[in-house]
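Presented below is the structure to which this report refers.
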Amino acid sequence: MDLDVLNMFVIAGGTLAIPILAFMASFLLWPSALIRIYYWYWRRTLGMQVRYANYDDYQFCYSYRGRPGYRPSILMLHGFSAHKDMWLSIVKFLPKNLHLVCVDMPGHEGTTRSALDDYSISGQAKRIHQFVECIKLNRRPFHLVGTSMGGNVAGVYAAQYPEDICSLTLICPAGLPSTTDSKFIKQLRELQESESIDRIPLIPSTPEEMADMLKLCSYVRFKVPQQILQGLVDVRIPHNDFYRKLFLEIADEKSRHSLHENMSKIKAPTQVIWGKQDQVLDVSGASVLANAIPDCHVYILENCGHSVVVERPRKTANLILEFLALLHSLDNNKKQA
């Protein structure tokens, strides 16, 4: 083989080896960095742009795609200890001409965290209202989506600021009493009895605890490599003290049943989506909402746990789109009548 050709292959091989070795080193040594890169990549791929909005000295971080149009904008509220990027799996299946807004909830990710802030469900609803006013999202009524803790906040928001929204989607929302204790509630009671309440199952500190949390939240069993589990833990550990404070706040009597206390005030057309095998918040909560909210549309997803957004993103996106299309059709019929 000609030496020049051999040298070319050596140089080409070395050029390829550098990013491959860098990737392997990152995977082994800094898995949390790879997780951040992963979210950055998917935001760019899906056309989501990150922006900041300020209300006095308070900063909100959010991502968005599209512009307000003839169809309602959609605001998405994530769950406990998550962030705006958890919605990317659903954004993937939503039309690019829809105006989507995903905000970091109070104290999470890029949104201000303050020891003086009110992290009760009612307090969080007030903060989200400030965000809505900041970006003028309520120039026209918008569709509000919330999951878990975010579902609790969304329901309270719909009750307290009815003029802001045209419709509502609640995905496995917290804030409801249940006649059947979920696996998570049973675990909490056992921890209280053993005075080990610091070991909250939704606040992992080790890869093993992270794996247990994923099993608790998902019906589908994801095979997650140890390094990725470590990365997920590394990302969360600096925030665990805040998560514990927040959890105790939203589990307190002031917030524990906030959605239940406000559901009779919800007048907007409402859609409820729940995983039948939810081990965090029992699926019986769906019928509680159905009995309290007029013309409530309930969808129970088989073979699905609490993490509906991750486990069934395409189905969830389609259900939201079908619900909005139905409301649009009903509205047109009323205008024509």
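The values are calculated or read from the model by the stated rules, or taken from the named source; none is laboratory data. From a predicted model like this one, the values you see are computed outputs, not experimental measurements. Cβ atoms come from the backbone with ideal geometry, glycine included; neighbour counts cover every protein chain shown. Only protein heavy atoms, including side chains, enter the accessible area calculation; ligands, DNA and RNA are left aside. Shrake-Rupley method; radii C 1.70, N 1.55, O 1.52, S 1.80 Å.
Suppose we filter segment 189-208 for residues that are open to solvent by 70 Å² or more (accessible area, probe 1.4 Å) and assigned to a helix (DSSP H, G or I); how many remain?
The number of residues fulfilling the criteria is 5.
Check Leu77, Leu100 and return the single one that is over 24 Å from Pro238 (Cβ atoms) and either among the basic types (Lys, Arg) or touching a strand residue (DSSP E or B) at 6+ places or on another chain (Cβ under 7 Å) (or both).
The match here is Leu100.
Is it the case that segment 170-182 has a residue that's surrounded by fewer than 16 Cβ atoms within 10 Å (Cβ to Cβ) and closer than 19 Å to His83 by Cβ?
The answer is no, given that none of the residues of segment 170-182 is surrounded by fewer than 16 Cβ atoms within 10 Å (Cβ to Cβ) and closer than 19 Å to His83 by Cβ.
Which ones in segment 138-176 are part of a helix (DSSP H, G or I) and in contact with a Leu (Cβ under 6 Å, 6 or more places away or on another chain)?
The answer is Gly150, Gly151, Asn152, Val153, Ala154, Gly155, Ala158.
Return yes when Thr179 is at pLDDT 95 or above and in a loop (DSSP other than H, G, I, E, B) and no when it is not.
Considered against the rule, which asks whether it is at pLDDT 95 or above and in a loop (DSSP other than H, G, I, E, B), Thr179 comes out as no.
Hey, any hits in segment 296-318 for a residue that's more than 24 Å from Lys92 (Cβ to Cβ) and open to solvent by less than 60 Å² (accessible area, probe 1.4 Å)?
Yes, segment 296-318 has at least one match.
Taking Arg221 as the residue in question, decide whether it is without any contact (Cβ under 8 Å) to a residue 60 or more places away in the chain, of a type in the set (Lys, Arg), within 27 Å of Gly110 (Cα to Cα) and not in a helix (DSSP H, G or I).
Taking the combined requirement at face value, the residue does not satisfy it.
On the basis of being of a type outside the set (A, V, I, L, M, F, W, C), in contact (Cβ under 8 Å) with a residue 40 or more places away in the chain and surrounded by 15 or more Cβ atoms within 10 Å (Cβ to Cβ), does Pro141 make the cut?
For Pro141, the condition - of a type outside the set (A, V, I, L, M, F, W, C), in contact (Cβ under 8 Å) with a residue 40 or more places away in the chain and surrounded by 15 or more Cβ atoms within 10 Å (Cβ to Cβ) - is met.
Check Lys186, Lys136 and return the single one that is open to solvent by 10 Å² or more (accessible area, probe 1.4 Å) and on the phi > 0 side of the Ramachandran plot.
Lys136
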